[in-house]
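Values in this text are rule-based calculations from the coordinates and carry no lab data. The structure presented is a predicted model; accordingly, all values stated were derived computationally and were not measured. Positions of Cβ are backbone-derived with ideal geometry, glycine not excepted, and every protein chain shown enters the neighbour counts.
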Amino acid sequence: MIQARPAGLDLLDLARRAGLESIGKKVLGGERLSLEDGLALYRTPELHLVGLLANHVRERLHGDLAYFNVNQHVNYTNLCNKLCRFCAFQRLPGQEGAYQMTPEQVADKVRAQLGEPVTEVHMVAGVWPKIPYSYYLEILRAVKAVRPAIHIKAFTMVELDQIAKVARKPLEQVLPELIEAGLGSVPGGGAEVFSERVRQATYHLKLSGEQWLDTARKVHRAGLRSNCTMLHGHIETLEERVDHLDRLRRLQDETGGFQTYIPLSFHPENSEMSDVPGPTALDELRELALGRLMLDNIPHIKAYWILMDIPVAQVALSFGADDVDGTVVEERIYHDAGATTPQHVRRSELVQWIRDAGRIPVERDTLYNVVWSADPGRAPVGRPAPVHA
Ligand code: V47
């Protein structure tokens, strides 16, 4: 079992010895960190200190609770015209492995899990301009027809931008129609790194940082919650990472619509950037910790176990993360890019990993209402997950 808070640790003393006293004071005092503070935390060799500081914030907000959900991913097509250099999932029509599911096939994926207590379907895919607007409404309705109570978290900001284009209507008009068809919230993908330099070099056909943020703003104004991400460990600089976090934090000050931040570690295999080594487990832990420390206004930080493998996700629960995502069932984006994790874990396995990491497992729904709790005193079933300021 991991000892999350070794006895007798004086965090401020450790921070002082690492030359990070003012950051230590801010973290202990609940003060916002500056961009310079973020850079210092990226640069310090004292990774354990960064983890302890992030853990301090994580425990202040969530105590020992750690969240998971019972979900399934459906990647409805890998057809994509964005040609991002980091992506191993995308295909053009006629390329080996290219596919697009019909609404009935999407429904079949959901039907196949009817025996499991799935509360969320996470539905994202490539961007293909020949897919008509009606298709997006149909796949939402198809999921709801099979499992009416399920929450549909679907369509990244990039897909939403495309959907509005094919609908030939402003996104503000399209969102209520998608909600009517079953959309419940929006996942965090497609943000990559907001730096225009990185965009030009790796994903120049996709939304710019400002466009991604503006789309998120519209999503939040439509009353939907979303997640947010950063794709790290390729060609971005530390300054660009801090800038990305700052821009997420500023939008969150404005809308309050982000629920969870998920750092996505670059998986190079089978991509055009396969020469880039990608981040190590230590980089992944630092990234989670930076997310917790910088994003003081986003309640949850997710260690997506598919990316980092289960043992690292367990350590991450003491490095700032309070969520590990869910059962997933079938995942293509990371497995096409060389991920060696399983595609499906059982609910009971998730519960056991969290317990083994020294945390209290709590099953949540997509909007963080408690579905099941190993400690109903601290996280009562049927109530929103407790977050302490
Ligand atoms: O948008 C694509 C990224 C994202 C690679 O909101 C890659 O709960 C690393 O956003 N290496 C999709 N990353 C995944 C995503 C996500 C995952 C889990 C939970 C949630 C949530 C969101 O994956 C893409 C892109 O940014 N990506 N290719 C790659 N080779």
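To the nearest 10 degrees, how steeply does helix 133-146 sit against the main Cα axis of the chain, on a 0 to 90 scale?
The angle comes out near 70 degrees.
Cysteines without a disulfide-compatible partner in the chain, using Cβ under 4.7 Å as the rule?
For the chain, the answer is Cys80, Cys228, because their Cβ atoms have no other cysteine Cβ under 4.7 Å.
I'd like the Karplus ³J(HN,Hα) series for the stretch 299-304: coefficients 6.51, -1.76, 1.60, θ = phi - 60°, whole numbers in Hz, and an x wherever there's a Gly or Pro.
x, 10, 10, 9, 9, 6
Taking the DSSP beta bridges in the chain as the whole, what percent of them are antiparallel, to the nearest 5?
About 15 percent, rounded to the nearest 5.
Using the Karplus curve 6.51 cos²θ - 1.76 cosθ + 1.60 with θ = phi - 60°, work out ³J(HN,Hα) for each residue of the stretch 250-261 in order, rounded to whole Hz, and write x for Gly and Pro.
5, 5, 5, 4, 7, 10, x, x, 7, 8, 9, 10
Nothing charged except the Cβ atoms of Lys and Arg (+1) and of Asp and Glu (-1): what's the magnitude of the dipole of the stretch 232-383 about its Cα centre? Round to the nearest 20 debye.
Using Cβ point charges on Lys, Arg, Asp and Glu, the stretch 232-383 gives about 760 debye.
Quick one: what are the phi-derived ³J(HN,Hα) couplings along the stretch 24-40, Karplus 6.51/-1.76/1.60 with θ = phi - 60°, whole Hz, x for glycine and proline?
Working through the residues one at a time gives x, 5, 4, 4, 5, x, x, 8, 5, 7, 8, 4, 5, 4, x, 4, 4 Hz.
Can you figure out the FRET efficiency of Glu196 with Asp309, using R₀ = 25 Å and their beta-carbon distance, to the nearest 0.05?
Here the calculated transfer efficiency is 0.15.
Determine the relative contact order of the stretch 55-161: mean sequence separation of Cα pairs under 8 Å and six or more apart, normalised by residue count, in whole percent. Write down the numbers at each step before the final one.
Details: 129 pairs, mean separation 34.2, N = 107.
Reported relative contact order: 32 percent.
Using a Förster distance of 30 Å, how high is the FRET efficiency between Arg221 and Ser134, based on the Cβ-Cβ distance and rounded to 0.05?
Efficiency for this residue pair is about 0.75.
Divide by every residue of the chain the summed helix terms, -39500 (n - 2.57) for each DSSP H run of at least 4, and state the resulting mean residue ellipticity at 222 nm, rounded to the nearest 500 deg cm²/dmol.
-12500 deg cm²/dmol
Just grab the label-to-label distance for Ser22 and Glu272, each label 7 Å out from Cα along the Cβ direction, in nm (one decimal).
Placing both labels 7 Å along Cα→Cβ, they lie 4.2 nm apart.
Would you work out the relative contact order for the chain, in percent, from Cα pairs under 8 angstrom that are 6 or more residues apart?
Here the relative contact order equals 22 percent.
How much length would be gained if the chain were fully extended between Glu116 and Glu104, taking 0.36 nm per residue of separation minus their Cα-Cα distance, in nm to one decimal? Kindly include the intermediate steps, with their values, before the conclusion.
Working: separation 12, 0.36 × 12 = 4.32 nm, distance 1.96 nm.
Difference between extended and current length: 2.4 nm.
Can you give the extra length, in nm with one decimal, that the chain gains between Arg168 and Gln343 once fully stretched, where that is 0.36 nm per residue apart less the Cα-Cα distance?
Once the chain is fully extended between Arg168 and Gln343, it gains 59.3 nm.
Which one of Gly382, Gly38, Gly63 has its Cα pushed farthest toward the positive end of the charge dipole of the chain, where Lys and Arg give +1 and Asp and Glu give -1 at the Cβ?
With unit charges placed on the Cβ atoms, the residue in question is Gly382.
If I model a spin label as a point 7 Å beyond the Cα along the Cα-Cβ vector, how far apart are those points for Arg355 and Asp214 in nm?
5.1
Place the peptides 365-372, 323-330 in order of packing, highest mean first, counting for every residue the other Cβ atoms within 10 Å and averaging per peptide.
Highest-to-lowest ranking by the protection proxy: 323-330, 365-372.
Given R₀ = 25 Å, FRET efficiency for Thr44-Ala389 by Cβ-Cβ distance, to 0.05?
Efficiency at R0 = 25 Å is approximately 0.40.
Under a straight-distance cross-link criterion of Cα-Cα below 20 Å, which lysines are reachable from Lys144, leaving out those fewer than 8 residues away in the same chain?
Lys109, Lys153
I need Arg168, Arg199, Arg355 ordered by Cβ neighbour count within 10 Å, fewest first.
Numbers: Arg168 9, Arg199 19, Arg355 14.
The fewest-first ordering by Cβ neighbours comes to Arg168, Arg355, Arg199.
Take the alpha-carbon centre of the stretch 177-204, take the same for the stretch 366-386, and report the distance between them in whole Å.
Going from one Cα centre to the other spans 29 Å.
Charges at C-beta only: +1 for Lys and Arg, -1 for Asp and Glu. How large is the resulting dipole of the chain about its Cα centre, in Debye rounded to 20?
My answer is approximately 780 debye.
Quick check: Cα centre of the stretch 10-37 to Cα centre of the stretch 259-278, how many Å?
For the stretch 10-37 versus the stretch 259-278, the Cα centre distance is 30 Å.
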